[in-house]
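Right, one structure below, let's go through it.
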Amino acid sequence: MRTVRRLLYRDILWSVIFVTAAFLSLFWFIDLVDELESIGRDGYTVALAFWHTVLQLPGHVYELFPIAVLIGTIYAMARLAQSSEFTILRTGGLGPGRALGLLAVPGIAFATLTFVVGDYVAPYTEREAIVMRAASRGGLALGSGGAWLRERRAAPDGERSISVNVASALSAGELLGVRIFEFDDQGRMLSRIEARSALVRGDGHWLLREVRRIDWPTPGAALAGAGLGIATLAELSWPSTLSGPVVAAALLPVQTMSTVDLWRYRSHLAGQDQAVQVYEIQFWKKAIYPLACIVMVALALPFAYLHARAGGVSYKVFGGIMLGISFVLLNNASGHLGQLRGWVPWVAAAAPALLYTLMSMAAFAWLVRYR
């Protein structure tokens with residue numbers, strides 16, 4: 001059995017490595033071509049473009065690895081079937097259950113690798129790529145309306161609702177064009193703070209610079225003749241529950257967040273009575289996605305039971321590519337459909353993997369029984 005494991009695992013491993021390297025080379029070249037139009041603008045050089053595309057490679061590994069596992073395993077299994085080696089193994093006592101058990105080991109190893117890359121390596125390199133691009137362009141643009149954050153806090157006279165708008169951010173983590181609106185529990189505006197820049201500190205405070213603050217009087221104070229309170233300050237320490245990770249999650253793309261970061265941001269949004277379904281689906285997709293490698297290995301096993309006359313290796317590899325593309329398309333569509341139809345988040349995230357698992361097991365059972 002040790003010889004059988006060595007034979008299977010060696011062929012599968014080298015096939016998956018080869019397919020992954022081919023995919024990464026293709027996507028790296030496409031990314032580099034896309035970066036060419038930005039070279040020469042705002043100090044963006046060829047070296048920066050090169051490193052920017054290199055930093056994007058771990059993200060491509062995370063996205064493409066299940067497909068690479070599927071194609072590589074299909075190639076290894078089809079080659080063994082074509083050379084009748086797998087037939088000899090079956091004759092020697094390699095039953096369907098044992099074959100599934102043997103392939104489960106590399107499937108779990110590939111799933112573990114996908115989780116590590118997706119949760120630790122890719123988020124870090126994606127953030128570094130964004131910081132590099134932002135440094136060359138003088139800041140991270142957040143669109144015409146900027147980014148909005150919200151928090152609630154208790155006060156002696158009722159609950160406060162606070163909305164924060166950030167126009168852009170620098171690569172060093174400094175926020176630019178910050179506007180803070182504070183409302184009471186009746187929806188009346190209590191204060192408005194405008195700051196040229198802000199720095200999120202770790203002690204539960206934001207350090208605002210070049211601040212202009214306007215305070216509206218309460219209805220009772222207004223009836224007594226109180227007017228607006230206007231103040232201009234060089235610096236202001238503003239207390240806030242919006243921590244650095246929460247702000248980063250609101251400003252940066254989803255691919256820069258790990259599974260834990262997604263859950264924390266989802267919990268923050270839920271605590272502020274904001275819509276959380278998008279981030280719940282993203283959390284479950286990121287948590288379940290590594291298991292797709294196990295599904296892909298199971299989906300490749302039926303190809304080993306196809307006779308060589310059922311088609312050459314190239315046809316089977318092409319079929320694997322089509323299966324992988326269809327899985328990616330269905331996985332993306334499932335998330336969007338889940339948002340539109342209001343599905344349970346974990347169901348929307350797990351539906352493609354469950355569907356393809358059932359397909360692979362049905363094909364495997366049919367081939368074992370009738371072929």
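The values are calculated or read from the model by the stated rules, or taken from the named source; none is laboratory data. If you're wondering where the values come from, they're calculated on a predicted model, not measured in any experiment. Positions of Cβ are generated from backbone atoms using ideal geometry, with glycine treated the same way; all protein chains shown enter the neighbour counts. Remember, those area values only see protein heavy atoms, side chains included, never the ligands or the DNA or RNA. Shrake-Rupley method; radii C 1.70, N 1.55, O 1.52, S 1.80 Å.
If the requirement is being open to solvent by 60 Å² or more (accessible area, probe 1.4 Å) and either at pLDDT 85 or above or charged (D, E, K, R) (or both), which of these qualifies: L355, L337? Lay out the reasoning, then the answer.
On the way: L337 fails: either at pLDDT 85 or above or charged (D, E, K, R) (or both).
Exactly one of L355, L337 is open to solvent by 60 Å² or more (accessible area, probe 1.4 Å) and either at pLDDT 85 or above or charged (D, E, K, R) (or both), namely L355.
Quick one: I214 ticks every box in (1) without any contact (Cβ under 8 Å) to a residue 24 or more places away in the chain; (2) open to solvent by 60 Å² or more (accessible area, probe 1.4 Å); (3) of a type in the set (A, V, I, L, M, F, W, C) except a single one, so which number is it?
Going through (1) without any contact (Cβ under 8 Å) to a residue 24 or more places away in the chain; (2) open to solvent by 60 Å² or more (accessible area, probe 1.4 Å); (3) of a type in the set (A, V, I, L, M, F, W, C) one by one, I214 breaks only (2).
Could you list, ordered by first residue, the pairs with Cβ atoms under 7 Å in which the first is in segment 277-293 and within 14 Å of P123 (Cβ to Cβ) and the second is at pLDDT below 90 and of a type in the set (D, E, K, R), at least 6 apart or interchain?
Correct list of pairs: F283/R266.
Tell me, which residue of segment 23-60 that is outside any helix (DSSP H, G or I) and modelled with pLDDT under 90 is most open to solvent (accessible area, probe 1.4 Å)? Spell out how you get there, then give the answer.
Within segment 23-60, the subset outside any helix (DSSP H, G or I) is 39-45, 56.
From what is left, the residues that are modelled with pLDDT under 90 are 39-45.
Working: I39: 52, G40: 67, R41: 144, D42: 104, G43: 56, Y44: 6, T45: 66 Å².
If we take residues in segment 23-60 being outside any helix (DSSP H, G or I) and modelled with pLDDT under 90, then R41 is most open to solvent (accessible area, probe 1.4 Å).
Let me confirm something: among I321, I325, I288, which residue is under 24 Å from the mean Cα position of the chain (by Cα), assigned to a helix (DSSP H, G or I), over 30 Å from N165 (Cα atoms) and modelled with pLDDT under 80?
Working: I325 fails: modelled with pLDDT under 80; I288 fails: modelled with pLDDT under 80.
So the residue among I321, I325, I288 that is under 24 Å from the mean Cα position of the chain (by Cα), assigned to a helix (DSSP H, G or I), over 30 Å from N165 (Cα atoms) and modelled with pLDDT under 80 is I321.
I'm trying to understand the selection: among the residues of segment 340-352, which are more than 16 Å from the chain's Cα centre (by Cα) and either within 15 Å of E280 (Cα to Cα) or open to solvent by 20 Å² or more (accessible area, probe 1.4 Å) (or both)? Spell out how you get there, then give the answer.
From segment 340-352, those more than 16 Å from the chain's Cα centre (by Cα) are 340-344, 347, 351-352; that's our starting set.
Residues satisfying the conditions are L340, R341, G342, W343, V344, V347, A351.
For segment 3-22, name all the residues that are of a type in the set (D, E, K, R) and surrounded by fewer than 15 Cβ atoms within 10 Å (Cβ to Cβ). Walk me through how you get there before you give the answer.
Here is the first cut: in segment 3-22, the ones of a type in the set (D, E, K, R) are 5-6, 10-11.
Those that are of a type in the set (D, E, K, R) and surrounded by fewer than 15 Cβ atoms within 10 Å (Cβ to Cβ): R5, R6, R10.
Which residue is least open to solvent (accessible area, probe 1.4 Å), if the candidates are limited to segment 258-296 and must be among the basic types (K, R) and farther than 30 Å from P106 by Cβ? Walk me through how you get there before you give the answer.
Quick first cut of segment 258-296, residues among the basic types (K, R) only: 264, 266, 285-286.
Remaining after also requiring farther than 30 Å from P106 by Cβ: 264, 266.
Working: R264: 142, R266: 51 Å².
Only one residue tops the list, namely R266.
Of these, E182, E235, which one is free of Cβ contacts under 8 Å to residues at least 60 places away in the same chain, more than 21 Å from S267 (Cα to Cα) and buried (at least 17 other Cβ atoms within 10 Å of the Cβ)?
On the way: E235 fails: buried (at least 17 other Cβ atoms within 10 Å of the Cβ).
Step by step, each of E182, E235 is checked, and only E182 is free of Cβ contacts under 8 Å to residues at least 60 places away in the same chain, more than 21 Å from S267 (Cα to Cα) and buried (at least 17 other Cβ atoms within 10 Å of the Cβ).
Within segment 124-179, restricting attention to residues that are buried (at least 16 other Cβ atoms within 10 Å of the Cβ), among the hydroxyl-bearing types (S, T, Y) and part of a helix (DSSP H, G or I), which residue is modelled with the lowest pLDDT?
In this case the residue turns out to be S136.
Collect the residues in segment 332-356 that are free of Cβ contacts under 8 Å to residues at least 24 places away in the same chain and assigned to a helix (DSSP H, G or I), keeping them in residue-number order.
Residues of segment 332-356 free of Cβ contacts under 8 Å to residues at least 24 places away in the same chain: 332-334, 336-337, 340-341, 343-344, 347, 351, 354.
Result: N332, A333, S334, H336, L337, L340, R341, V347, A351, L354.
Have a look at S168, S197 and point out the one that is within 14 Å of L251 (Cα to Cα), of a type in the set (S, T, Y), touching a Leu at 6+ places or on another chain (Cβ under 7 Å) and touching a residue at least 12 places away in the same chain (Cβ under 8 Å). Walk me through how you get there before you give the answer.
Details: S197 fails: within 14 Å of L251 (Cα to Cα).
Of S168, S197, the one residue that is within 14 Å of L251 (Cα to Cα), of a type in the set (S, T, Y), touching a Leu at 6+ places or on another chain (Cβ under 7 Å) and touching a residue at least 12 places away in the same chain (Cβ under 8 Å) is S168.
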